[in-house]
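Note sheet for the following structure.
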Amino acid sequence: MRTNKVIQHCVNELPNTLMFIQENIRLADYTTLRLGGVAKYFCSCSSMEELKESLQFAKGKNLRAHILGGGSNTIFADKGFDGLVVKIDLRGVSFVDNGNDILVTAKAGEDWESFVKMCVEKGFAGIECLSGIPGSVGATPIQNVGAYGQEVKDTIESVIVLNRSTLEMRSLRNAECGFGYRQSRFKQQDKDTFIVTEVTFRLNKNSRPTINYPEVKKIVEASVPIASLADGKESLEAVRNIVLSLRKKKSMVIDANDPNTRSVGSFFLNPIVSNEQLTMVNEQWRKIGGTAEVPTFPFENKKKIPAAWLIERSGFKKGYAKNGVGISNNHPLALVNYNGTTKALLALAEEIRDGVEKMFGIRLELEANVIR
């Protein structure tokens, strides 16, 4: 068996610079699922120079290069990755006062939950409902991360990216990012074109928290005297604590003592359907004994159906397990690795997708990023 070793490579384009590339690194150690084989090459980049060198190294060896953030939405194959995995570890946060707003710029490698916590403690509003989400800052615009009534697109001012081919830097304004429901240009037409290196958020100083999501609103009304809490840190922390509590109950906050958190969070997207499609889904639901209407949320001029509801009504209950993987005991959208393999996890995902499609005529789309 080959052992891990560190090798030095001199980059022709930068002859005075040495970078360290590791060989045969276990990828399971870098994902929240704790799945995945070995990367042929692996490097952690804490500077732009290292990031550019790593891309040049991959190009020189004609290798695929995969960009890795916090590993909270990534599933590596059991066979590993026969190329270079580049982990983004760029760090740093800066602030620019802008009247009633504050522009907060974070490097892509910053931990998202730590970043949200810091902003809330400073009394900056706009991302408090995104508390407890694992991963890195740089991944949030790619996925347009959202939860409990907020999405990062609502506060992102601009994104700095590196072109993987030309190594040129570019600044993109919010409107240029192509944000949609768990989508962006970085995930669609420009997939594998850009690497997000830093993100600037426009947050409100000493403002009130967002309380639009029904589940959060219900708890606030029942247990928190929100109207009497001061603007800024006090009221923001109250809502943040509620969100963290909700996520923990669903095993959506990473916890070494909770095996249900060995997941990528929501494995499937909530399907968005037209009114005509919804009518068909309701008809199918009534055929199999449903009485109340299928639950939906408005989405532009369409409807969003909770994927969790579809999964459970298709016969897949929380706690369902087989071959070392399963559905979380606390959330039907989370697929969990107990002691299984990527192959087993993806087989379970396909079983669920087939079951939902057979029952409701809807093919669930994966939210998780599978690297083969």
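So the values come out like this:
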item	result
Charged-residue dipole, Cβ positions (Lys, Arg, Asp, Glu), the stretch 93-249 about Cα centre, Debye nearest 20	380
Alpha-carbon centroid distance for the pair the stretch 255-296 / the stretch 98-147, whole angstrom	28
Mean Cβ count within 10 Å, highest first, over the residues of peptides 361-368, 113-120, 271-278	113-120, 361-368, 271-278
Debye intensity ratio in log₁₀ form over the Cα atoms of the stretch 259-371, taken at each q of 0.15 Å⁻¹	-0.64
Taking only Cα atoms of the chain, radius of gyration then Dmax in Å	21.7, 72
Candidate lysines for bridging to LYS59, where Cα separation is under 18 Å - those fewer than 8 sequence places away on the same chain excluded	LYS40, LYS87, LYS191
Computed Rg/Rh of the stretch 8-133, alpha carbon atoms with Kirkwood Rh	1.07
Vicinal HN-Hα couplings computed from phi for the stretch 334-349 (Karplus, 6.51 cos²θ - 1.76 cosθ + 1.60; Hz; Gly/Pro x)	9, 9, 10, 9, 8, 6, x, 10, 4, 4, 5, 5, 5, 5, 5, 4
Positive-end extreme of charge dipole, the chain - chosen from ASN369, GLY232, PHE201 (charges on Cβ)	ASN369
Packing-based ranking, highest mean first, of 145-151, 209-215, 297-303 given that Cβ atoms within 10 Å are counted	145-151, 209-215, 297-303
Spatially close lysines, pair count over the stretch 259-371: Cα under 26 Å, gap of eight or more or interchain	20
Potential extension, ALA321-ILE288 segment - 0.36 nm per residue separation minus Cα distance	9.4 nm
Unit charges on C-beta of K, R, D, E only; dipole of the stretch 149-190, Debye	140
Relative contact order (%) - the chain, alpha-carbon pairs under 8 angstrom, separation at least six	15
Simple Cβ-charge dipole of the chain, Lys/Arg +1 and Asp/Glu -1, about Cα centre, in debye nearest 20	920
If the convex hull is drawn through the Cα atoms of the stretch 105-220, its volume per residue in Å³	97
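Computed from the coordinates by the stated procedures, all read-outs in this text should not be read as laboratory data. Here the structure is a predicted model, which is why all the values come from computation and not from measurement. Cβ: placed from backbone, ideal geometry, glycine included. Neighbour counts: every protein chain shown.
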